[in-house]
């Protein structure tokens, strides 16, 4: 049976999401992502979530293709990569280095598979050689330092979900440690619960942020029940944020 490209408007959208693999269009590129479902039907990992491609990851990958930021020659890191769609997009769109991170070490084997399958096929082995997957538990300063920050671009999709609420402080700390005042952070966000406002309150002490206009978002996700926002974050200069 042929795999069809994912669309939020498909009458079989939930069935498509739960497949062992899914096909996405990133511009002219077709990306095929393997997913890892548990026997009980959960798309979880040892940490509970993240073994399937979330809509916010597709929206962020699509935004990169739409020119949300030029990645040519840039060092890029992704937080909460899961199967790795955003990392794949960053690699094929010209990043000089891509580090795909997740807290679940076992899941990173799936990330590596998807990088192998897609980056080599689309962009070649040389580009694949500039990508790696690395374990990062949010708030782990030693793991962050080993990645040699700051990065030019930091990417994250659906990391501000309420299920990660107890880790919000660590997430903000990692975002800060991976960046400097010249770093652009793109955060794709699908609002689910008012408790997620706590994340943005914590974020505001270290970053300024703005919302990407709807016309720069994939049209299926720019408004309505399936709406997903993308925030552009920039670190507050230390002298200004130290009062």
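Every number in this text was worked out from the coordinates using simple rules, so none of it is lab data. Since the model is a prediction, treat every value here as computed from it, not as a measurement. Counting neighbours? That spans all protein chains shown, and the Cβs are built from the backbone with ideal geometry, glycine included.
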> Using only helices, what value at 222 nm comes out for the chain when you add -39,500 (n - 2.57) per DSSP H run of length 4 or more and divide by the total residues, to the nearest 500 deg cm²/dmol?
Replying inline: -8000 deg cm²/dmol
> Quick one: if you stick a label point 7 Å off each Cα along the C-beta vector at residue 209 and residue 181, how many nm between them?
Replying inline: 2.1
>> Given contacts defined as C-alpha pairs under 8 Å and at least six residues apart, what's the relative contact order of the stretch 39-235, whole-number percent?
In response: 20
> Considering only DSSP beta bridges whose two residues both sit in the chain, what percent are antiparallel, to the nearest 5?
Replying inline: 45
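By average Cβ neighbour count within 10 Å, what is the ranking of 83-94, 122-133 from highest down?
Answer by packing, highest mean first, reads 83-94, 122-133.
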